[in-house]
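Report on the following structure.
The values are calculated or read from the model by the stated rules, or taken from the named source; none is laboratory data. Everything numeric in this text was worked out from a predicted model, so none of it was measured. Cβ: placed from backbone, ideal geometry, glycine included. Neighbour counts: every protein chain shown. Keep in mind that these areas ignore ligands, DNA and RNA; they rest on the heavy atoms of the full protein, side chains included. Shrake-Rupley method; radii C 1.70, N 1.55, O 1.52, S 1.80 Å.
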Amino acid sequence: MEKVKDLIEKLNPEQIKPVLETEGAVLVIAGAGSGKTRVLTTRIAYLVQEKGVWPSRIMAITFTNKAAGEMKERLDKIIVGAEDMWVSTIHSMCVRILRRNIEKLGYGTNFSIYDETDKDKLLKRVLGDLHLDAEKLLKPAKNAISAAKNDCMSPEEFLAENRGLRLADEIYSVYAAYEKEMFKSNALDFDDLLYKTYILFEDFPEVADYYSEKFLYIHIDEFQDTNKVQFYIAERLAAKHGNIFAVGDDDQSIYGWRGARIENILSFDEIYPDAKVFKLERNYRSTKRILELANCIIAHNTGRRGKNLWTENPDGVKVETFVGTDENNEATYTALQIKNLMARNSDLSYRDFAVFMRVNALSRAYEQEFTKYGIPYRIFGGFRFFERKEVKDVLSYLKLINNPKDDESFLRSIGVPKRGIGDKTLRELREFAAANGESLYEAAGKAVFSSVSSAAASKLGGFKGLIDGFRTYSESHTPAELIAYVIKATAFNEQFAEQTEENTSRLYNISELLNSAEQFVKDNAGADLADYLNSVTLSSDTDDLNADNSVTVATIHAAKGLEYRCVFVAGLDEEVLPILRSGAEEDEMEEERRLMYVAVTRAEERLYLTRANSRYMYGSRKYMRPSRFLREADEVLAPEKKDARGGYGGYGDRAERAYRRGGYGLNRGDYSRAEEDFGDDVPSSGGYSSQYALSMLSGGKPAPVKSVSSGRGGYKTGARVRHTKFGEGTVIDVRGEGDNIIVNVAFKGVGIKALSVKYAPMEII
Ligand code: ATP
Ligand code: MG
């Protein structure tokens, strides 16, 4: 066990203060990489080791499951009994509370959690039942309902708040009907996990009191992204003792669209007037150059508390910029740069790299180029494993077994594999069920008495019998065994019998589902079916970021709290990052700028900002303008370009002029002119045009950053060598002195390897 004294000794005096400040409300407001998360973890260790607080009385709320996992792992090493602590996302914590108490609200503890697709399907049905235009109303209704729940508003409160506004009446009726259906199905959506906990705390204060007495110390990481309902829950949990410890950074608030309120952090000290507020300004993560850029970018925002991060880390290498001719060219640059850096730095591995982007769609070019160059990668922020159709199909059986009232899961499972039950039968079943106030599952057993034909009724009854059989099975088997049984008994995989690429991948996913369920059973002894389903529904695609040695390709939203040695921020174009069109509200633009800030502050040693002159977007090729954030960063990226008129002649202005003059986008001719304007001399304040940079990176010449061609230890660029394992190759770079000479060799069929001459002498041939 590590000693907390040793941990504290490693902190700086500013970091130590909040660690020791154990009672009352404490807010640490500090910039990226200043050690907030580390302070939070150390404080928990201090509470247990020095203050004798039982781990079971401590709660920590993190933003992602991954962060929770990391924190648990960390605490396990410092604290005996760390498993009794509640360290989780707020959603998981609420599920835990609801599973014990939701019966008070009339739901069963075996409630289902509906994801976005389930929600969409139900909303479409509700809109249909209300004779409203699903095409027009689905999205606004869905957003409004979500926003209302995040703002703690019931349908009636929503109406009272919005009366007279366009669509308010329609949305009210959809919201009310949706809630009724959800209740009938014993189902909650993601927002409900918080909102229903709020209702539970409001209507049954003794429940809130119980938790507030159980947990004496409440910790919240990434506090800037809590929204109203989340803040309420945290406040309520701290109500009995007032021990709430929040860390956050107003400059990293990036969930405004989900109702996160920056005012929470800005007004923490108003809500807790005796709160002690601490600032940390020393950054431990990034080089001086990276930090200078981050500071410069965020300084353009006005709604901030204001702080200036500094670091004692080395200056580091220059922040590089690159302009590709198009998105593939941009990705090629990244691929080659990664290859090059790996070859030149034997201590770097693929897991040290990340490419961050504003939108998922940009990942396609990276998939293609990384595959081409043999770079292992993982994409996050895309399609989640548990949302794949075939996986959801299997899970819908489990959900129905667990919660027979779950009508969405009933409708899904009855249709896959096909059992000859048509839409008409299902419609009649729904009517029958509605008339009797029953779930579809219950009604299926009795449909024989309804208007449903006898053949159809026996099929429905057969399906119900099948599910009943599964339920009995589940009582004495693990979730993993149940999945295997369901797949077998329904002949689920027969639908994928034909050998196509798609079927192969579906079968693969099914077997992955089985594997992951087996793993779950191993990791969670005694967990039941409901536990399994909750964990599956709450797992997110960032959970296993970096699980193996591959480059991370992720959205910026998924990047929170993480750090990587080398970071590429892709798509620095107007209308990509920032995603908004010009003329957007300033506060929305500030949120985009915070996203940019989050992205660049993930980098420890190297940072690359890339963009493309043209992109295929919305069905056609579009010419892109450089992101305003590049221009704003010009004084750091290209101080030498500051011209006599006081403008910056680099990245932004010239591109901007070219854009105004040329109006790219008409034909190939315009495109060449764009090349002329951006391509040859503007592309990067760090310095290389796309062609030059690419040829330098790929042409077997030494990389542009530093070129050494003199012979060292007898090795010379261009020399042929033989390695015992890799065979024959050509030396492409030699670095270092004495015992430390590293030679980069391109081996045929193996690729470029960085080899230490000391440990792996090679024969020169
Ligand atoms: P973010 O805003 O991105 O969430 P953060 O403020 O939570 O960042 P941490 O992740 O806690 O910052 O710390 C950033 C890095 O600096 C981590 O690698 C951490 O271990 C390291 N670090 C923090 N404090 C110190 C310290 N006093 N000495 C050495 N390293 C430190
Ligand atoms: Mg952090």
Round to a whole number: what % of the accessible area of the stretch 285-365 belongs to carbon and sulfur, probe 1.4 Å? 47 percent
How much length is gained on full extension from residue 299 to residue 166, taking 0.36 nm per residue of separation minus their Cα-Cα distance? 44.1 nm
Per residue of the stretch 34-49, in order, report the coupling 6.51 cos²θ - 1.76 cosθ + 1.60 (Karplus, θ = phi - 60°) as ³J(HN,Hα) in whole Hz, putting x for Gly and Pro. 8, x, 4, 5, 5, 4, 4, 5, 5, 5, 4, 4, 5, 4, 6, 6
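So which of 372/560; 121/424; 339/725; 339/392; 196/399 end up more than 26 Å apart, counting from Cα to Cα?
Values: 372/560 29 Å; 121/424 17 Å; 339/725 20 Å; 339/392 38 Å; 196/399 20 Å.
Cα-Cα > 26 Å for 372/560; 339/392; rest within.
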Taking only protein heavy atoms and a 1.4 Å probe, what accessible area per residue, in Å², does the stretch 1-118 have with all protein chains in place? 41 Å²
Note the per residue figure in Å³ for the convex hull of the C-alpha positions in the stretch 3-80. 102 Å³
With the crude spin-label approximation of a point 7 Å out along Cα→Cβ, what separation in nm comes out for residue 20 versus residue 315? 3.8 nm
Given H placed on each backbone N at 1.01 Å, which residues far from residue 625 in sequence or on other chains put an amide H within less than 5 Å of it? 574
Karplus-derived HN-Hα couplings along the stretch 458-475 (A = 6.51, B = -1.76, C = 1.60, θ = phi - 60°), whole Hz, x at Gly and Pro: 6, 5, 4, x, x, 5, 4, x, 4, 5, 4, x, 4, 5, 4, 4, 5, 5
In the stretch 464-549, GluC sites (Glu not before Pro) in a DSSP loop with at most 15 other beta-carbon atoms within 10 Å: 498
Distance between modelled label sites at residue 109 and residue 635, nm, 7 Å Cα→Cβ extension: 6.1 nm
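Going by a ≥ b ≥ c, the root eigenvalues of the Cα gyration tensor, does the stretch 205-258 fall in the rounded group (a/c under 1.5), the prolate group (a/b larger than b/c) or the oblate group?
On the way: a/c = 3.97, a/b = 1.91, b/c = 2.08.
Oblate, since a/c reaches 1.5 and b/c is not below a/b.
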What is the stretch 408-468 by shape, rounded, prolate or oblate, if you read a ≥ b ≥ c off the alpha carbon gyration tensor as root eigenvalues and call it rounded for a/c under 1.5, prolate for a/b larger than b/c, and oblate otherwise? rounded
In terms of modelled amide H atoms, which long-range or inter-chain residues lie less than 5 Å from the amide H of residue 311? 283
Counting only protein heavy atoms and rolling a 1.4 Å probe, one gets per residue an accessible area for the stretch 193-347 in Å² of 35 Å²
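Mind checking the full-extension length gain between residue 288 and residue 1? Use 0.36 nm per residue of separation minus the Cα-Cα distance, one decimal, nm. Could the numbers behind the result be given before it?
Working: separation 287, 0.36 × 287 = 103.32 nm, distance 3.45 nm.
In short, 99.9 nm is gained.
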What are the ³J(HN,Hα) values, in whole Hz, obtained from phi via the Karplus relation 6.51 cos²θ - 1.76 cosθ + 1.60 with θ = phi - 60°, for each residue of the stretch 184-201 in sequence order, with x given for Gly and Pro? 4, 7, 6, 10, 10, 9, 4, 5, 4, 4, 7, 5, 6, 5, 4, 4, 4, 5
Once label points are set 7 Å from the Cα along Cα→Cβ at both residue 84 and residue 493, what is their separation, rounded to one decimal in nm? 4.5 nm
So, by mean Cβ neighbours within 10 angstrom, what's the order for 35-46, 123-134 with the highest one leading? 35-46, 123-134
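How high is the relative contact order of the stretch 298-372? Use alpha-carbon pairs under 8 Å, at least six apart in sequence, and give a whole percent. Present the calculation step by step, with values, prior to reporting the outcome.
Numbers: 24 pairs, mean separation 23.2, N = 75.
Once divided by the residue count of the stretch 298-372, the mean separation gives 31 percent.
Which sequence of 70, 281 reflects their accessible areas, 1.4 Å probe, from the largest down?
On the way: 70 100, 281 65 Å².
Putting 70, 281 in descending order of accessible area: 70, 281.
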Mind listing the long-range amide H neighbours of residue 301? Cut-off is under 5 Å, sequence gap 5 or more, other chains count too, H placed in the peptide plane at 1.01 Å from N. none
With the contact rule set at Cα under 8 Å and sequence spacing of 6 or more, what percent relative contact order holds for the stretch 348-447? 18 percent
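Can you tell me the length gained on complete extension of the stretch residue 485 to residue 501, counting 0.36 nm per residue apart and subtracting the Cα distance?
Numbers: separation 16, 0.36 × 16 = 5.76 nm, distance 2.55 nm.
Taking residue 485 through residue 501 to full extension adds about 3.2 nm, to one decimal.
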